[in-house]
Amino acid sequence: MSTWLLPVLAAVLGVLFLLRGERCQRAFLRGARAGLKSALTLFPTLLLFVCAVSMFRAANVPDVLSRLLCGVCDALHIPDTLLPLLLVRPVSSSASTAVLSDLFAAFGTDSALGLCASVVCGSSETVLYVLSVLTAGTPPSGTRYLLPAALLTSLFVVFLSLCISRLYFG
């Protein structure tokens, strides 16, 4: 089935273009041109973001912040081992997946901590990446409250997922 999907899709699109009287090549080139313009608009933003995330991870910022925030986690009854995941998740999906994998290796996937970490990853978003992509072509004046609102929403979602995990998984 999957080996025939792309050729069948191309044939159906070709027939639709012919029925509408539109030239396939012209429509394809128009779409490709628009896609390249979008890619060129986003490329500098994504390059900057990838460099910033690499520096964030190389400087051990999540580990330093984890050590500084241990007292806050104890007061809020958040497991200390989840803190690196909570700090990395808004920044990078691949880094949070690596942290999640380390948590699974250390505590198991079916442990309360593993289940809680899974709920956190499944219910939260890489806020900074999404904002950098969404605001790449917009003027900065219209994006003033986006980052604080997105980070507060992410914080709310994390606490809600921790509460729900604790309720269901103990």
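This table checks each residue for (1) farther than 15 Å from V88 by Cα; (2) out of contact with any His (no Cβ under 9 Å at 6 or more places or on another chain); (3) not aliphatic (A, V, I, L, M).
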| position | (1), (2), (3) |
| --- | --- |
| V127 | no, yes, no |
| S141 | yes, yes, yes |
| L146 | yes, yes, no |
| L155 | no, yes, no |
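Here is a check on your reading of the model: is L5 loosely packed, with under 10 Cβ neighbours inside 10 Å and either in a helix (DSSP H, G or I) or touching a strand residue (DSSP E or B) at 6+ places or on another chain (Cβ under 6 Å) (or both)? When the stated conditions are applied, L5 passes them. Considering only residues in segment 89-108 that are modelled with pLDDT of 90 or more and in contact with a Ser or Thr (Cβ under 8 Å, 6 or more places away or on another chain), the one that is surrounded by the most Cβ atoms within 10 Å (Cβ to Cβ) turns out to be L103. Against the test of being among the aliphatic types (A, V, I, L, M), under 18 Å from S132 (Cα atoms) and surrounded by 11 or more Cβ atoms within 10 Å (Cβ to Cβ), the options L86, L48 yield a single qualifying residue, L48. For segment 148-159, the set of residues classified as of a type outside the set (V, I, T) and surrounded by fewer than 16 Cβ atoms within 10 Å (Cβ to Cβ) consists of P148, A149, L151, L152, L155, F156, F159, listed by residue number. Of all the numbered requirements in (1) exposed (fewer than 12 other Cβ atoms within 10 Å of the Cβ); (2) closer than 24 Å to R166 by Cα; (3) of a type in the set (A, V, I, L, M), V64 misses one, and that requirement is (2). Please verify whether Y145 is aromatic (F, W, Y) and either loosely packed, with under 15 Cβ neighbours inside 10 Å or at positive phi (or both), treating the condition exactly as stated. Spelling it out, Y145 is indeed aromatic (F, W, Y) and either loosely packed, with under 15 Cβ neighbours inside 10 Å or at positive phi (or both).
The values are calculated or read from the model by the stated rules, or taken from the named source; none is laboratory data. All figures in this text were calculated on a predicted structure; none of them were measured in a lab. So basically every Cβ, Gly included, is an ideal-geometry build from the backbone, and we count neighbours across all protein chains shown.
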